[in-house]
1. What residue among Q26, V257, V175 has its Cα farthest toward the positive end of the dipole of the chain, where the charges are +1 on Lys, Arg and -1 on Asp, Glu, each on the Cβ?
2. Could you do me a favour and compute the accessible area per residue for the chain, 1.4 Å probe, result in Å²?
3. With a 10 Å cut-off between alpha carbons and a GNM built on the chain, which of K324, K227, K237 moves the most?
4. Take every DSSP beta bridge whose two residues both sit in the chain, then give the antiparallel share in percent to the nearest 5.
5. For every helix of n ≥ 4 consecutive DSSP H residues, a contribution of -39,500 (n - 2.57) applies; sum these over the chain, divide by its total residues, and give [θ] at 222 nm rounded to the nearest 500 deg cm²/dmol.
6. For a quick check of understanding: with a 1.4 angstrom probe and all protein chains in place, what accessible area in square angstrom does R164 have, to the nearest ten?
7. About the Cα centre of region 168-364, how large is the charge dipole given +1 on each Lys and Arg Cβ and -1 on each Asp and Glu Cβ? Please answer in debye to the nearest 20.
8. Can you work out the base-10 log of I(q)/I(0) for the chain at q = 0.06, 0.09, 0.13 1/Å, using the Debye formula on its C-alpha atoms alone?
Amino acid sequence: MSAQNSTPFEIHGTDHVGFIVGNAKQAAAFYQDRFGFEPIAYKGLETGSRDKTCYVLKQGKVVLVLETPMIPDHPHNAHLMKHGDAVRDIAYWVSDARRAWEHTTANGAKSVTEPHEIKDENGTAIMATIATFGDTMHTFVQRDGYSGPFLPGYQTIQSAAPTRDVGLQYIDHIVGNQGNGEMDEVVSWYEKVFGFHKIWTVDDKDVSTEFTALRSIVVANDNEYIKMPVNEPADGKKKSQIQEYVECNFGPGVQHVAFYTHDIIETISDLTARGVEFLMVPDTYYEDLLDRVGDIEEEVEILRKYGILVDRDDQGYLLQLFTKPVQDRPTLFYEFIQRRGARSFGKGNFKALFEAIEREQDRRGNL
Ligand code: FE2
């Protein structure tokens, strides 16, 4: 893989993931109760925001921002009608938002919002936004001059209910689904606009079941705090899950966000007890697990109990598990991942997973 590309401005990591949802208040309760995110900041009528309501939730270094339009002609409504509850913004934490915007727009990115300062009594943040695939965007957030709960304009909130976290640490990767034949163009865009480099790839020879297939290329920034797999459907006998996503999302968009945990067994047992629904592989997956992945520290019986998947690459192994979609449309879902050396993305699990997804697609009449 080429590692010649380089991003000429510093990206410290994902600042936050921005969603547009139909009812931010209820979505916030879902992420708090089911996934253990703590509500930390709020913007709405009580803070003088009359056109949209925003809830900010945090766990470890992961920050989610849920926004709901409050007036009929708010631009968020178009996103909501087209995509349903969905990710709109993958925001990057940068040292210099002006420089990030200038570099990316000079290299072909379309500007959404030019660099601007926002202020309140807690200081100043500098933000700028560019468009990426579909209706998704990247906001650059420079927050070294700000010390409040999230960003200027937000107020601290405290939930009446206690929050119990499930051990999520940070975002491991965020995946973008593209339409048929669009993956290479999006990957080239990240190489050209951001100086990202390719770190991993799978094609339909690696990942196909009897029926469905996908292609994926992962791009990353220099420090690899940002890792972004870019998927497209590949032809199979039946409809690829990527194609189902693109049809139900009415275009490209974020397919899943992967959260890193230091103890996936604890995390998954906790999430299961809270009613989070996961994709389950057949029991036979565990029969030859150790033949496939070699020695692992975890007991196979416990992994089997929770349906946790394991894959090995030349640097170690990883454990992972995927939820079912978290809204009515079969679009966005979540991954939980623990890495024991492995830096890849679970190629060895794709076939078992795809078969599990196909069973779900079939139940939805989308296979
Ligand atoms: Fe993933």
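1. Final value for the positive-end residue is Q26.
2. Value returned for the chain: 43 Å² of accessible area per residue.
3. Residue with maximal mean-square fluctuation among K324, K227, K237: K237.
4. So the antiparallel bridges in the chain amount to around 80 percent.
5. When only DSSP H runs of four or more count, the value is -7000 deg cm²/dmol.
6. Around 140 Å² of this residue is reachable by solvent.
7. It works out to roughly 420 debye.
8. Relative scattering, expressed as log10 I(q)/I(0), comes to -0.22, -0.50, -1.09.
The values are calculated or read from the model by the stated rules, or taken from the named source; none is laboratory data. This structure is a prediction, so every number in the text was calculated from the model and none was measured. No Cβ is skipped: glycine too gets one built from the backbone with ideal geometry, and neighbour counts run over all protein chains shown. Accessible surface is based on the protein model in full, side chains and every heavy atom, while ligands, DNA and RNA are left aside. Shrake-Rupley method; radii C 1.70, N 1.55, O 1.52, S 1.80 Å.
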